[in-house]
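What follows is a short report on a single structure.
The values are calculated or read from the model by the stated rules, or taken from the named source; none is laboratory data. A quick note: this is a predicted structure, and the numbers were derived from the prediction, not measured. Positions of Cβ are generated from backbone atoms using ideal geometry, with glycine treated the same way; all protein chains shown enter the neighbour counts.
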Number of protein chains: 2
Amino acid sequence: MGEHGSGSSGARPDEARRHNRAALLRRLHVDGPCTRAVLAAELGLNRSTIKAVVDGLAESGVVTEAVPARRTGAGRPSLMVLPQPESAVVLAVDVRVEQVAMSMVGLGGQVIGRHSWNLRRSTRTPGEVITHVAESAQLLAEELAVTPSGAGISVPGVVRRDDGWVHEAPNLEWRDIALGARLAAVLRLPVQVANDAEMGALAEHVRGVAREVADLVYISADKGVGGGVISSGRPLRGTRGYVGELGHLVVRPGGRPCYCGSRGCWETEVGEAALCRALGMPEDTPRGVVVAELRSLETAPVPGPLDEFAEWLATGLVTVVNMMAPELVVLGDLFTALPPGVVGHVRTLVHERSLVSRAVGGTRIETSPLGRDAKLVGAAELAFEPVLGAV
Amino acid sequence: MGEHGSGSSGARPDEARRHNRAALLRRLHVDGPCTRAVLAAELGLNRSTIKAVVDGLAESGVVTEAVPARRTGAGRPSLMVLPQPESAVVLAVDVRVEQVAMSMVGLGGQVIGRHSWNLRRSTRTPGEVITHVAESAQLLAEELAVTPSGAGISVPGVVRRDDGWVHEAPNLEWRDIALGARLAAVLRLPVQVANDAEMGALAEHVRGVAREVADLVYISADKGVGGGVISSGRPLRGTRGYVGELGHLVVRPGGRPCYCGSRGCWETEVGEAALCRALGMPEDTPRGVVVAELRSLETAPVPGPLDEFAEWLATGLVTVVNMMAPELVVLGDLFTALPPGVVGHVRTLVHERSLVSRAVGGTRIETSPLGRDAKLVGAAELAFEPVLGAV
């Protein structure tokens, strides 16, 4: 609590300038180029303030101004303010079970370059992954002639956001890894580490189907099932910076044992292995084959081979919707390959069985337009959060 | 967004004064009497500011100052600042299925007077309850010679917080009732209506076992089962102001049909009726008899008659803990009558089965010290929120 009553009050002018600059950059970064007039209207700032901020940013090369290609209306054309992607670049890394994906992302969200490699059992250790990330990041930065200002890392595990400690990433077989500190040391960058599903939620909120949605849940399946929640516009986080593990809500008491010590977790019933079982395939069928099989079912009728799978997906979703009262649930990653008829069937089941869905006027359930890229996109946005305030 | 960059910046002096007064009152209201020196230290304000605020409040009779009964240390005794309960009074109402409880609560949380009455099928209609609340509130205010400045109402149902609309309160058989507007009209007071479990969480957070706990879940059983969540110190609320309905997470797929359209809801497995079944009693056994039977099992061994009940309670708790990552789960209302051995058994099961509990270093599970009063206490705090800013 500040010293409100003792004379000096309010923000100092340089704080105000920094605040305005960060707000303007965030607007350009998230929503793209626009005119000074639009910036003034949207940010509630007067034209002279906008001019001062834009001039300052133009001088340091963070934005440029240009005549729009297509003029609308008569009169003098309003100059567009364009973010310069190379002026602020971040490194985004999505560590998955079978693969690491990496990208350099510029201001405005443009992917400047990317790189990925597959993981095998021997290359999946924390040490190997950290070394490979550091080497690849350096090569990519040199190749693209960019210097990242920060890094965001998405990990499929139980992560303490405060310091990037990975308590457990079961499908990677990682436990108690100081990933944030170790990567910061080798990358020589500020590093933020987060749970992959939280990154999916952030990506959909900033650049996907959940823009303008304050209450959303993102759920995705890879080897494991995870969920990220944004509630009243803020990421939901529990004690000590841990996010919840939606893949471990219990849908089938007494069901299959899960590595977590429970049985019948949502993950064991709707994760990649469960989908393989539903399709009559071995549990370790390569992802491409699973997706191809799902595509071949595109026009499959309900009832069909995925009925029981849909039932478990719906059961977990009823719990999620009843507990969180979201406006929108986004199904990501492997779930985006589900036949539309199955998704529609799940939508109907949830609405019939969730009193909260009915109360809020029907919770929407959509598949992710970002698909497999969501977590990488989210990791970039995570890295941009401090950068936007510091440019 | 304000006009940060254009010259006038910061809070005006009268805003700062109001802010300081509200902060000081909230401190006294929540934590009780203390000295000016402690107020200055805790609120980060200097002594002259504290003096000005306290003098102003003393002049209008909201606080008094007194020499503490027990002096500590040498030197001139520091005056204690005491909130005056009658200076700001609110009406709290807890509408339950079998009973309405009402209290007048003064600044500092002191219950000045209370009243309650039983509900039967014929007196449980919204119109009857609203009329009875209004008449009783007037009588109670006259009897106590107080004038409430606001009212908080706890209802076991799906409530839209924005305007106190009750979408559905199934165990009361209410649906689509403009409870907030109707009570405000007859009470001629600002009225706030909230879900009862949200009120339980608020009560435990402000005056119960969850003080200083930023991430907590409160779960209670009456006829229904409900849950309230406080996450990062703020109540969790979903779209359009609805809170989640933790009683309707699915614990037993294909289990008993629930009125909500689903099956095997947590409420159908651990609500009052389920507890009666577990005890071998008819489902409509009076509450007092149920509690007496539970008390007689106080030293019952595990395994015992409540084993299956404990299993379902633990199953739901694993889901709640894995989804919300709370530091503390508070079991309220009827759950407070569970034998300690059963609560301990549930605690062990949850810890064994929840990876999130293990990640955060062991989620605590405690019974509510406020017991049956929690929702009434929470309703008073709900009513105080705007009042503290306006005194």
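Values for this structure:
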| item | result |
| --- | --- |
| Of all residues making up region B:265-281, the number that are of a type in the set (D, E, K, R) and either in a loop (DSSP other than H, G, I, E, B) or closer than 20 Å to A:Val250 by Cα (or both) | 2 |
| Evaluation of B:Arg182 against (1) surrounded by 24 or more Cβ atoms within 10 Å (Cβ to Cβ); (2) within 25 Å of B:Ala88 (Cα to Cα) (one fails), failing number | (1) |
| From the options B:Gly361, B:Gly316, B:Gly304, residue that is out of contact with any Gly (no Cβ under 7 Å at 6 or more places or on another chain), closer than 23 Å to A:Gly241 by Cα and part of a loop (DSSP other than H, G, I, E, B) | B:Gly361 |
| Residue tally, condition within 20 Å of the chain's Cα centre (by Cα), closer than 15 Å to A:Ala383 by Cα and not in a helix (DSSP H, G or I), over region A:129-182 | 12 |
| Residue that is over 24 Å from the mean Cα position of the chain (by Cα), crowded, with 22+ Cβ neighbours inside 10 Å and touching a residue at least 12 places away in the same chain (Cβ under 8 Å), where the choices are A:Leu317, A:Leu306 | A:Leu306 |
| Index of the failed condition, A:Ser220 passing every other in (1) in contact with a strand residue (DSSP E or B) (Cβ under 8 Å, 6 or more places away or on another chain); (2) at pLDDT below 95; (3) more than 9 Å from chain B (Cβ to nearest Cβ); (4) part of a helix (DSSP H, G or I) | (4) |
| Identity of the residue in region A:334-346, crowded, with 20+ Cβ neighbours inside 10 Å and part of a helix (DSSP H, G or I), that ends up nearest to the other protein chains (Cβ to nearest Cβ) | A:Val346 |
| Any pair with Cβ under 7 angstrom, 6 or more apart, that starts in region B:144-168 at a residue that is among the basic types (Lys, Arg) and ends at one that is surrounded by fewer than 23 Cβ atoms within 10 Å (Cβ to Cβ) and part of a strand (DSSP E or B) | B:Arg160/B:His167 |
| Region B:242-289: number of residues that are out of contact with any Gly (no Cβ under 8 Å at 6 or more places or on another chain) and at positive phi | 2 |
| Residue in region A:20-29 that is without any contact (Cβ under 8 Å) to a residue 12 or more places away in the chain and among the charged types (D, E, K, R) present | no |
| Candidate set: region B:350-376, residues that are within 12 Å of another protein chain (Cβ to nearest Cβ) and surrounded by fewer than 20 Cβ atoms within 10 Å (Cβ to Cβ); chosen: the one farthest from B:Arg207 (Cα to Cα) | B:Glu352 |
| Any chance A:Gly226 is without any contact (Cβ under 8 Å) to a residue 24 or more places away in the chain and small (Gly, Ala, Ser) | no |
| Which numbered condition A:Leu317 misses (of (1) modelled with pLDDT under 95; (2) in contact with a strand residue (DSSP E or B) (Cβ under 9 Å, 6 or more places away or on another chain)) | (1) |
| Strands (runs of 3 or more DSSP E) contained in region B:27-113 and holding at least 1 residues over 29 Å from B:Asp333 (Cα atoms) and of a type in the set (Val, Ile, Thr) | B:63-66, B:80-83 |
| Selected residue (criterion: farthest from the other protein chains (Cβ to nearest Cβ)) from residues of region B:232-259 that are more than 16 Å from B:Arg160 (Cβ to Cβ) and buried (at least 24 other Cβ atoms within 10 Å of the Cβ) | B:Gly247 |
| Count of residues meeting criterion [assigned to a helix (DSSP H, G or I) and β-branched (Val, Ile, Thr)] in region B:364-384 | 1 |
| Scan of region B:88-107 for residues that are surrounded by 19 or more Cβ atoms within 10 Å (Cβ to Cβ) and over 16 Å from the mean Cα position of the chain (by Cα), ordered by number | B:Ala88, B:Val89, B:Gly106, B:Leu107 |
| From the options B:Trp117, B:Trp174, residue that is within 22 Å of B:His248 (Cα to Cα) and at pLDDT 95 or above | B:Trp174 |
| Test: B:Leu331 is within 11 Å of chain A (Cβ to nearest Cβ), surrounded by 17 or more Cβ atoms within 10 Å (Cβ to Cβ) and under 14 Å from B:Tyr218 (Cβ atoms) | no |
| A:Gly32 modelled with pLDDT under 90 and either more than 12 Å from chain B (Cβ to nearest Cβ) or crowded, with 17+ Cβ neighbours inside 10 Å (or both) | no |
| Given (1) at pLDDT 90 or above; (2) surrounded by 16 or more Cβ atoms within 10 Å (Cβ to Cβ); (3) within 11 Å of chain A (Cβ to nearest Cβ), index of the condition B:Ser9 fails | (1) |
| Qualifying residue in region A:87-110 (condition: more than 14 Å from chain B (Cβ to nearest Cβ), free of Cβ contacts under 8 Å to residues at least 24 places away in the same chain, within 24 Å of A:Leu376 (Cα to Cα) and out of contact with any His (no Cβ under 8 Å at 6 or more places or on another chain)) | yes |
